[in-house]
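K.L.:
I have a structure I would like to understand better, so I am pasting it below and will then ask my questions one at a time.
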Amino acid sequence: MLIVQKYGGTSVGSVERIVSVAQRVSQAAKAGNSIVVVVSAMGKTTDGLVKLAAEISKNPCRREMDMLLSTGEQVSIALVSMALQELGQPAISLTGAQVGIVTEAEHTRARILHIQTERIKKHLQEGKVVVVAGFQGISSTNALEITTLGRGGSDTSAVAIAAALQADFCEIYTDVPGILTTDPRLVPEAQLMSEITCDEMLELASLGAKVLHPRAVEIARNYGMPLVVRSSWTDDPGTWVTSSQNKERSLINLEIARPVDNVQYDTDQAKVALLRVPDRPGVAASLFGEIARQDVDVDLIIQSIHEGHTNDIAFTVFTPVLPKAEAVAAAIAPVLGSHKTNQAEEAEVMVQQNIAKVSIAGAGMIGRPGVAAKMFATLAAAGVNIQMISTSEIKVSCVIAAQECDRAVAALRQAFEIEGEEKGDKGDMGDKGDKGDKGQFIPMPNAQCPMPHAPVRGVALDMNQARLAIRQVQDRPGTAGKLFGLLADHNISVDMIIQSQRCHIVNGVPMRDIAFTVTRMDAEAAQKMLQAKAAEYGWGEVALDQAIAKVSIVGAGMVGQPGVAAKMFAALAQHHINIQMITTSEIKISCVVAQEEGVKALQVIHAAFGLAGSEKFIVPA
C-alpha cells in the first residue's frame, strides 16, 4: 500500500517523540508499505518564530515571514529523516519546493495549484521513506518564491500529496485519539467516533478544525481520499473520515476548486411562519415538540430576532403534510401568546404555498467571503426575490416563489459554472428532496464498515462570533446581494444569516430586518462600515451583540427523522436557555444563545442525544 502519514507539532515536539515517530514509520515501511511522511514544525516553533518577527517589526513583510516560518518544518524533516536512518530505514527529507508543491503567489496564505510527484515516486521506488515539509510550497518552478499555506497547512499538504499520488489512504497523527463527539475539554465523556463522513466533518468545522482543518477535508472530499485521524501515542484505530466515490478529477488547480460544486432545488415545499411569538425559553421546544408528535418532518427552520420581546419562527415542510403542520401551528399559537394582555401582539400564523428552495452547496465556501453575496446578487439579477435565507458551513439555501425556481437554478448554475443536470435531479448532498443513492463508502483498511448513523453525530460550540442586526432593510431583489457584497469587499466572512418574516411598510416600501453572524474580530469594523452605508442603501440601525455563542448539532442520520430539532430545543428549554436565532441545513441545526450559556448549552445537548461514553479523554497540554 501507498500511505501518507502526517505528524503534528506535538508529535515531533522533542527528540524522544521524533524517535517514537521514526519507529512507527519504520514499522509501517517494514510491513511492505510505501510511506510518505509530512511533518509540522516542532512544538511551538512557529509561534516562537512569529514572536521573533514581532520583536523586529510591527508589520513584517509577508514574503520574509514565509521565508522565516518555512524554516520550522525544515528542522523537523531533517531530524525525522536522521532518526529513520539510525533505525536502518532509508529515508530522505524534502522541502515543499524540492517536492514540487506549486502554489498561487499569495504569501502566508497560498493555496495549492498542483504537485509534481516525479521526485517523490523516484525515491519511493528506491525503497526510501520520503519525509516532506508540510505547510509550504513555491509560487512557481521559475520564480522559486517560498510560500506558506496558512492555518492547517500541514494537514492540507498531506492530503494534497495523498491525492496527487493516489495513495490508498492518508493518516493524520495528532495528540487526541480521533474525532470526538464534542470538545473533551468541555465534556470529558465525549465519545470517540469510529467514522464520520466528510460532509459531517465539514459541518463540524468549528469542532474539527483543532484536529483536522477544513481545507484538508475539502481536498479529501473532492478526490475521494480516505482519511484516518489517530493518536501518536497509541495503536488505537482512530476515526475514519469517509467520502463518496468521486468521478475522475483533474489534479491541476488542486486546491483552487470552485467554492460551489452543486446547485440544488426543491419545488415541493410550503412555508409556515409564526409571527410575534414570545422571546423566552421553551417556545421552539413546544412548537417543534408538537410537530414531531404529529410525525411531521420539517426541512428549513429559521428564528429571527426583533425589537421588544417577540420573535418570528418560520419553517418549511413538504406540501403533502402542510395541512397537518398548519393545524399544529394554529393550535399552539394562542398557547404561546396566552401570557400577553395586548391582543394586537398575539402570535399569528402565516402559511404560504407555491414556494421553492434553491441551494448552493460546496466544501470550498468555508472561509471564502463573497460566495453567499454572489448567490444573492445572481438571484437579484434574475429578478428573483428572496423570502427566507438559511445557512450552514457548506450550504446556503433561499426560499423563493415556485414560479421563479427554473430561472433561479439556471442563473445560479451559470454563475457558479455548474453543468446542468437531468430534470428532477435535486442534488447529492443529502437534500431531503432527493433520497437517491448518495455513493458508496470507500473500504477502510483494518476497520469495520460504517454502521448506520445515529441521527446526531457531534455537537459543536463556537464562542468566537458576534451578531449584527440591520433594522428595516428593503424587501426587494438585490438588497441582500448589495449588503453581503459590501462585507465580501472588506474580506469579512459571514456565518449564519437570518431574514425576518415580519414585513413593515415604510413610505410605501416593504421592509424586513436581517441578522447575521461574523467573527468577533471583524464585528466592530463591519458595524462601522455598514452604518456608514445606511443612508446610501436605505436601511436603519445596525445593532451589534458580541455576547453570543453558536451551538450546533450535526448528523447525516437526521434526514427524514422528525423530532431531532425538538429534542435539541427541549434540552435547552429544560435548562432555561433561551434561543436567540435558529438556522438549519439537512444535516445541521444551529442555535445562537447568550455567551455565558454557551458551554452549558453544549453540555446539555450532548447529554440529551446520549453521545457521552464511559471513558474520559484527557487532552494533552
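The values are calculated or read from the model by the stated rules, or taken from the named source; none is laboratory data. Remember, it's a predicted structure, so these values are computed and weren't measured experimentally. Cβ placement follows ideal geometry from the backbone for every residue including glycine, while neighbour counts extend to all protein chains displayed.
K.L.:
Would you confirm, using the coordinates I've provided, whether residue 540 is touching a strand residue (DSSP E or B) at 6+ places or on another chain (Cβ under 6 Å), surrounded by fewer than 18 Cβ atoms within 10 Å (Cβ to Cβ), over 30 Å from residue 180 (Cα atoms) and not hydrophobic (A, V, I, L, M, F, W, C)?
P.N.:
yes
K.L.:
In region 73-87, how many are among the small types (Gly, Ala, Ser) and free of Cβ contacts under 8 Å to residues at least 60 places away in the same chain?
P.N.:
Here the count works out to 2.
K.L.:
Same structure, new question: Kindly list the number of the only condition in (1) touching a residue at least 12 places away in the same chain (Cβ under 8 Å); (2) surrounded by fewer than 24 Cβ atoms within 10 Å (Cβ to Cβ) that fails for residue 178.
P.N.:
The single condition residue 178 does not satisfy is (2).
K.L.:
Which of (1) in contact with a Gly (Cβ under 7 Å, 6 or more places away or on another chain); (2) farther than 25 Å from residue 314 by Cα does residue 532 not meet, given it meets every other one?
P.N.:
Here residue 532 clears every test but (1).
K.L.:
Also: Against the definition (assigned by TED's automatic domain parsing to the domain that holds residue 363, touching a His at 6+ places or on another chain (Cβ under 6 Å) and either within 24 Å of residue 404 (Cβ to Cβ) or surrounded by 21 or more Cβ atoms within 10 Å (Cβ to Cβ) (or both)), how does residue 496 come out, yes or no?
P.N.:
no
This table checks each residue for (1) surrounded by fewer than 23 Cβ atoms within 10 Å (Cβ to Cβ); (2) outside the structural domain of residue 554 (by TED's automatic domain parsing); (3) aromatic (Phe, Trp, Tyr); (4) in contact (Cβ under 8 Å) with a residue 60 or more places away in the chain.
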{"site": "358", "(1), (2), (3), (4)": "no, no, no, yes"}
{"site": "362", "(1), (2), (3), (4)": "no, no, no, yes"}
{"site": "405", "(1), (2), (3), (4)": "yes, no, no, yes"}
{"site": "415", "(1), (2), (3), (4)": "yes, no, no, no"}
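K.L.:
Quick one: would you say residue 91 is modelled with pLDDT under 95, touching a strand residue (DSSP E or B) at 6+ places or on another chain (Cβ under 6 Å) and buried (at least 16 other Cβ atoms within 10 Å of the Cβ)?
P.N.:
no
K.L.:
Do we have any residue at all in region 174-192 that's in the same structural domain as residue 220 (by TED's automatic domain parsing) and closer than 30 Å to residue 123 by Cα? Explain how you work it out, then say what you get.
P.N.:
Step one: list which residues in region 174-192 are in the same structural domain as residue 220 (by TED's automatic domain parsing), which gives 174-192.
Still in the list and also closer than 30 Å to residue 123 by Cα: 174-175.
Within region 174-192 (the criterion being in the same structural domain as residue 220 (by TED's automatic domain parsing) and closer than 30 Å to residue 123 by Cα), the answer is yes, since at least one residue qualifies.
K.L.:
Which is assigned by TED's automatic domain parsing to the domain that holds residue 173, of a type outside the set (Lys, Arg) and in contact with a strand residue (DSSP E or B) (Cβ under 8 Å, 6 or more places away or on another chain), of 38, 19?
P.N.:
Answer to the check: 38.
K.L.:
Go through region 303-350 and give me each residue that's of a type in the set (Val, Ile, Thr), at pLDDT 90 or above and not in a helix (DSSP H, G or I).
P.N.:
Scanning region 303-350 gives 316, 317.
K.L.:
Could you list all residues from region 114-141 that are acidic (Asp, Glu) and assigned to a helix (DSSP H, G or I)?
P.N.:
Result: 118, single match.
K.L.:
Would you mind finding the one in 616, 600 that is assigned to a helix (DSSP H, G or I) and either assigned by TED's automatic domain parsing to the domain that holds residue 312 or touching a residue at least 40 places away in the same chain (Cβ under 8 Å) (or both)?
P.N.:
None of the others qualify; the one that does is 600.
K.L.:
Got at least one residue in region 542-555 being assigned to a helix (DSSP H, G or I), under 26 Å from residue 585 (Cβ atoms) and more than 22 Å from the chain's Cα centre (by Cα)?
P.N.:
Within region 542-555, not a single residue is assigned to a helix (DSSP H, G or I), under 26 Å from residue 585 (Cβ atoms) and more than 22 Å from the chain's Cα centre (by Cα).
K.L.:
Any residue that is touching a strand residue (DSSP E or B) at 6+ places or on another chain (Cβ under 8 Å) and crowded, with 19+ Cβ neighbours inside 10 Å - is there at least one of those in region 41-62?
P.N.:
Scanning region 41-62, I find no residue that is touching a strand residue (DSSP E or B) at 6+ places or on another chain (Cβ under 8 Å) and crowded, with 19+ Cβ neighbours inside 10 Å, so the answer is no.
K.L.:
Okay, moving on. Could you list, ordered by first residue, the pairs with Cβ atoms under 8 Å in which the first is in region 143-157 and closer than 15 Å to residue 111 by Cβ and the second is of a type in the set (Asp, Glu) and part of a loop (DSSP other than H, G, I, E, B), at least 6 apart or interchain?
P.N.:
147/104; 147/106; 156/255
K.L.:
Given the residues 137, 152, 127, which is the only one that is touching a strand residue (DSSP E or B) at 6+ places or on another chain (Cβ under 6 Å) and either of a type in the set (A, V, I, L, M) or under 27 Å from residue 226 (Cβ atoms) (or both)?
P.N.:
One residue alone meets the criteria, 137.
K.L.:
Still on this structure: Out of the residues in region 250-302 that are among the basic types (Lys, Arg) and modelled with pLDDT of 85 or more, which is surrounded by the fewest Cβ atoms within 10 Å (Cβ to Cβ)?
P.N.:
Out of the qualifying residues, it is 293.
K.L.:
Just checking, does region 130-140 include any residue being in contact with a Lys or Arg (Cβ under 9 Å, 6 or more places away or on another chain), surrounded by fewer than 21 Cβ atoms within 10 Å (Cβ to Cβ), in the same structural domain as residue 27 (by TED's automatic domain parsing) and not small (Gly, Ala, Ser)?
P.N.:
no
K.L.:
Is it true that residue 467 is modelled with pLDDT of 85 or more and touching a Phe, Trp or Tyr at 6+ places or on another chain (Cβ under 9 Å)?
P.N.:
yes
K.L.:
Which one of 191, 166 is within 30 Å of residue 607 (Cβ to Cβ), out of contact with any Asp or Glu (no Cβ under 6 Å at 6 or more places or on another chain), surrounded by fewer than 24 Cβ atoms within 10 Å (Cβ to Cβ) and of a type in the set (S, T, N, Q)?
P.N.:
On the way: 166 fails: within 30 Å of residue 607 (Cβ to Cβ).
From the options 191, 166, the qualifying one is 191.
K.L.:
Please give the number of the condition residue 68 fails out of (1) over 22 Å from residue 95 (Cα atoms); (2) touching a residue at least 12 places away in the same chain (Cβ under 8 Å).
P.N.:
For residue 68, the failing item is (1).
K.L.:
If you don't mind, there's one more thing I want to ask. Given the options 481, 458, name the one that is modelled with pLDDT of 80 or more, within 30 Å of residue 318 (Cα to Cα) and in contact with a Phe, Trp or Tyr (Cβ under 7 Å, 6 or more places away or on another chain).
P.N.:
Being modelled with pLDDT of 80 or more, within 30 Å of residue 318 (Cα to Cα) and in contact with a Phe, Trp or Tyr (Cβ under 7 Å, 6 or more places away or on another chain) holds for just one of 481, 458, which is 481.
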